[in-house]
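Right, one structure below, let's go through it.
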Amino acid sequence: MIQTRSLRFAYPSGAALTFADLDAPQGATVLLRGNSGSGKSTWLALAAGLLTATAGEFVLAGQPLSALPQSARDAWRGRNVGFLPQQLHLSSALTVQRNLELAFYATGLPVDHAAVARSLEVLGVAGLAQRFPSQLSGGQAQRVALARATLMKPKVILADEPTASLDDDAAQASLALLRETAKQCGATLVIATHDRRVLDALPDAIVHAIGAGAGAGAAP
Ligand code: ADP
Ligand code: MG
């Protein structure tokens with residue numbers, strides 16, 4: 001589940017953002033909708049505990065993020081949050097398999113090689129385990145990043161503009177894959193997007209407006 005209350009975030013140098021309250025049950029799909037610059041990526045970074053709210057509360061899978069000490073955030077994120085950023089951040093010096101193994105170091109858990117193999121298998125990219133990121137197509141790289149994001153069976157999956165650079169068929173495939181993967185993990189799925197195709201493809205999603213028109217926007 002995800003619950004936010006009176007959430008605000010101000011960048012030191014600029015924009016102050018306020019966000020409408022959200023209540024989403026565990027396993028739901030949430031679409032963060034808003035124009036470019038409205039604060040979608042910021043919201044995701046707050047959800048992942050990469051940024052700390054200036055005010056208000058963010059509760060993720062029962063955990064109030066403000067109660068997590070800074071030192072515990074990386075491990076908590078590693079175990080509970082699957083993050084699919086817009087830039088996939090696969091390490092170019094490492095093979096696909098090693099990129100997935102890296103996820104264990106952040107959590108402090110021993111590398112589970114069987115879990116790595118299974119995750120690649122589930123996403124249909126087991127055959128690419130020994131390749132380097134530069135040897136993958138865009139769609140393959142996204143699958144690998146999703147395999148990494150869901151390796152720990154996270155309670156929430158956060159995807160930032162997953163369809164932005166994809167044609168119609170690939171966008172549909174990517175959304176289906178996200179949904180299927182979230183279902184397998186029992187995870188809540190949050191997709192930040194200003195892509196109309198996502199809204200049309202996921203009619204049962206909770207639509208959460210970000211920015212002006214959401215009862216939120218730039219703070220005075
Ligand atoms: P979106 O993902 O919806 O495009 P962002 O969350 O990236 O929006 O950005 C929201 C607002 O915060 C924008 O006005 C953007 O310019 C500003 N912003 C984003 N990152 C930073 C930063 N690191 N420092 C200052 N302002 C930022
Ligand atoms: Mg963004």
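The values are calculated or read from the model by the stated rules, or taken from the named source; none is laboratory data. All figures in this text were calculated on a predicted structure; none of them were measured in a lab. All Cβ positions, glycine included, derive from the backbone under ideal geometry; neighbour counts span all protein chains shown. The accessibility values were calculated without ligands, DNA or RNA, using every heavy atom of the protein model including side chains. Shrake-Rupley method; radii C 1.70, N 1.55, O 1.52, S 1.80 Å.
A few points about this structure:
- Working ranking of peptides 72-85, 114-127 by packing, defined as the average number of other Cβ atoms within 10 Å per residue, highest first, is 72-85, 114-127.
- Taking only the C-alpha atoms of the stretch 65-116, Rg followed by Dmax gives 12.4, 36 Å.
- Taking the 1.4 Å solvent-accessible surface of the chain as the whole, the part contributed by carbon and sulfur is 53%.
- Sequence ranges 32-43, 93-104, ranked by mean other-Cβ count within 10 angstrom, highest first: 32-43, 93-104
- Rg(Cα)/(2.2 N^0.38 Å) for the chain, N = residue count: 0.99
- Among residues other than L189 with Cβ under 9 Å from its Cβ, the summed charge is +2 (Lys and Arg +1, Asp and Glu -1).
- Taking Cβ atoms as reference points and 10 Å as the exclusive limit, the residues near V198 contribute a net charge of 0, counting Lys and Arg as +1 and Asp and Glu as -1.
- For the stretch 79-220, the relative contact order comes to 27 percent (Cα pairs under 8 Å, sequence separation of at least 6).
- Residue order by solvent-accessible surface for Y105, Y11 is Y105, Y11, largest first, with ligands and nucleic acids left out and a 1.4 Å probe.
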